[in-house]
Amino acid sequence: MSAVLALDDPRLNLRPMAEADLGDILQIELAAYAFPWNRNIFKGCLRDNYCCRVLELDGEIAAYAIMTLGPDEAHLLNLCVDPGRQSMGLGDHLLKFMLDYAGARQADATFLEVRASNSGARSFYERRGFVEVGLRTGYYPARFGREDAIIMAREMV
Ligand SMILES: CC(C)(COP(=O)(O)OP(=O)(O)OC[C@H]1O[C@@H](n2cnc3c(N)ncnc32)[C@H](O)[C@@H]1OP(=O)(O)O)[C@@H](O)C(=O)NCCC(=O)NCCS
């Protein structure tokens, strides 16, 4: 198993996402998800000034996250770590940044949706204080038909 990297490890660099990053991001997106986002979805998030961040490891994009902020709540739309760099603490660092960002902007809670079958991501979020608060039936496309989304939320204390 890979070593977990500390947040202040000099090999790590967290910065805003730019359109020039989308080639690298789409490669990770394709590798990580059976139903990946396309370039236009990412471009729309950048255009609409969502909170879009990349986490670089040794100068290469290893993870990214996108969040919207409403008046009282944040919505984490995507958080993804390159499959070859998972279990190194990168997801955790990025999630912590996004939650701190939302909290600093007076969000009372952060929401997200996750595929019911994505048990790894559900455990990941549960370990960091998210709880299941709802279900969207048939929310996602699936190989055979549709799949439910679990809505998870974390109150900002
Ligand atoms: C879910 C994901 C973001 C986790 O990122 P990661 O960098 O591998 O996770 P970390 O190394 O930061 O792990 C953080 C914690 O989550 C736990 N965790 C991570 N992946 C897990 C898994 N698949 N199953 C169970 N626990 C998991 C770790 O054990 C760790 O817990 P601990 O510190 O209490 O021991 C990553 O696996 C991923 O990008 N998956 C594909 C995309 C995806 O499904 N995104 C979520 C969509 S909503």
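Starting from the Kirkwood radius over alpha-carbon pairs of the chain, derive D by Stokes-Einstein at 20 °C in a medium of 1.002 mPa s and give it in µm² s⁻¹.
Values: Rh = 16.1 Å.
So the translational diffusion coefficient is about 133 µm²/s.
Provide the per residue accessible area, probe 1.4 Å, for the chain, rounded to a whole number of square angstrom.
Working: 8720 Å² over 157 residues.
Computed with neighbouring chains in place, this is 56 Å² per residue.
Quick one: order ASP82, ASP148, ASP100 from most to least accessible surface, probe 1.4 Å. Each step should come with its number before you reach the end.
Values: ASP82 30, ASP148 55, ASP100 85 Å².
Sorted descending by solvent-accessible area, the residues read ASP100, ASP148, ASP82.
Apply the membrane-span-like helix rule to the chain: whole DSSP H runs, Cα extent along the own long axis of at least 18 Å, mean Kyte-Doolittle hydropathy at least -0.5. List the helices found. Intermediate values should be presented prior to the final figure.
Working: long enough: 90-104 (21 Å, 0.49).
Sorted by number, the helices that extend far enough and score high enough are 90-104.
Suppose a student asked you for the relative contact order of the stretch 63-157, using Cα pairs under 8 Å spaced at least 6 residues apart; what percent would you report? Could you put the intermediate results ahead of the total?
Numbers: 155 pairs, mean separation 24.7, N = 95.
After rounding, I find 26 percent.
I'd like the FRET efficiency for ASP9 and VAL131, computed as 1/(1 + (r/R0)^6) with the beta carbon distance as r and R0 of 41 Å, rounded to 0.05. Show your work: numbers first, answer last.
Working: r = 30 Å, r/R0 = 0.74.
Step by step, r from the Cβ atoms, then E = 0.85.
Under a Cβ-Cβ cut-off of 9 Å, what is the net charge of the residues other than ALA149 that fall near it, where Lys and Arg count +1 and Asp and Glu count -1? Display every interim value, and only then the final one.
Numbers: positive: ARG115, ARG136; negative: GLU113, GLU147, ASP148.
Value of the local net charge: -1.
Taking all protein chains in place and a 1.4 Å probe, what share, in percent, of the accessible surface of the chain do carbon and sulfur account for?
Details: 4250 of 8720 Å².
That share works out to 49 percent.
Return the Rg/Rh value of the stretch 94-157, two decimal places, where both radii are evaluated on C-alpha atoms and Rh is the Kirkwood radius.
On the way: Rg = 12.9 Å, Rh = 12.5 Å.
Using Cα coordinates only, the ratio equals 1.03.
For ASP48 and ALA142, compute 0.36 nm times the residue count separating them, minus their Cα-Cα distance, and round to one decimal in nm. Intermediate results must be reported in sequence, preceding the final value.
Working: separation 94, 0.36 × 94 = 33.84 nm, distance 2.78 nm.
In short, 31.1 nm is gained.
Compute the label zone of VAL157 within the stretch 112-141: residues whose backbone N is under 13 Å from the point 7 Å along Cα-to-Cβ.
Answer for this model: 128-131.
The values are calculated or read from the model by the stated rules, or taken from the named source; none is laboratory data. Just so we're clear, the structure is a prediction, and the values are computed from it rather than from any experiment. Methodologically, a virtual Cβ is constructed for each residue, glycine included, from the backbone with ideal geometry; neighbour enumeration extends over all protein chains shown. Quick note on the areas: whole protein, heavy atoms, side chains included, nothing else; ligands and nucleic acids left out. Shrake-Rupley method; radii C 1.70, N 1.55, O 1.52, S 1.80 Å.
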